[in-house]
Amino acid sequence: MRIYNFTDNDDVDIVARQGAFQVIEWKRDLSVDYGGAAAAYFASEMNVRRRQVVCTLDGKTGITVQAGAMQWQAGHIQATTGLKGVGDFLGKMARGAVTKESAIKPEYQGVGVLVLEPTYRHILLIDPMQMGGSMTVNDGLFYACESTVQQRAVMVSRPSAMVAGGEGLFNLALQGQGTVALESPVPASELVTIDLEDDELKIDGNFAIAWTTGLQFTVERSGKTLIGSAASGEGLVNVYRGSGRVLLAPVASPTFNPNAGTGTA
């Protein structure tokens, strides 16, 4: 099988590679009409570009993707539910209900190329081993992973976080060796990496992309008293305690979506 005028197109850059994944970036949108040409030009100049994940399957390691993320595939590839029985099905349904992720994520096995839908978000390729073996990701950022990576739901330390801190009661944790693809509002070059050693980090807002699962995550008042919190003007903050790593988006919340039509070509 040979594929022409795709990754070798002069309008395409390969911006990242890791594991079974490549991330390509379309430098210009050449399919716009006259009326949209100016907007498309300035969007490209500001690095607002469509990006896609290209997965190479070798017959050994499968790829698990967010439901509905597949755009096209070539080769001898089969999609399965990745379920290993009734217990696994019930577990994934429960995890999907609490993490806001799709309950059943298709798993692709075989030999060939799998291409995911384009997105205007940036794609981060991370191995959970870089985060201490297990990492928790913010809601809605999971895009794909190698099937060697295990998924589970983890609960925040204080239920008040569900309504007060802009966080869900549960988050998705990814553990094991393999590559994970996350959608991010900022590129990897802008991420702030903070390594904690028996310390704490407080963030005013939903800016953490991912963090070591072993960190204790709570939502607390910024001051010791309600009056102190009101005086500081901050109110509630997200707090990470212990030893581990936090990846922080300094300029945009992970809930920010610059492209309401993500997934369209």
Task: Spacing of the two label points (7 Å from each Cα toward its C-beta) at VAL48 and VAL192, in nm - done: 2.5 nm
Open item on the list: Through the Karplus equation 6.51 cos²θ - 1.76 cosθ + 1.60, θ set to phi - 60°, convert the phi angles of the range 18-28 into ³J(HN,Hα) values in whole Hz; use x for Gly and Pro.
Closed with: 6, x, 7, 10, 10, 10, 10, 10, 7, 5, 9
- [ ] Apply the Karplus parameterisation 6.51 cos²θ - 1.76 cosθ + 1.60, with θ equal to phi minus 60°, to every residue of the range 128-137 and state each ³J(HN,Hα) to the nearest whole Hz, in sequence, with x for glycine and proline.
- [x] x, 5, 6, 10, x, x, 8, 10, 9, 10
Open item on the list: Please list 3J(HN,Hα) in residue order for the range 51-65, calculated via the Karplus relation 6.51 cos²θ - 1.76 cosθ + 1.60 where θ = phi - 60°; whole Hz, with x for glycine and proline.
Closed with: 10, 9, 9, 10, 10, 9, 9, 10, x, 10, 9, x, 10, 9, 10
Task: Under-5 Å amide H pairs with GLU107, H placed in peptide plane, nonlocal only - done: THR80, THR81, GLY82
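Quick note: the coordinates plus some simple rules give every number you see, no bench work behind them. Keep in mind it's a predicted model, so treat the numbers as computed, not measured. Quick reminder, even Gly has a Cβ in these numbers, built from the backbone with ideal geometry, and neighbours come from all protein chains shown.
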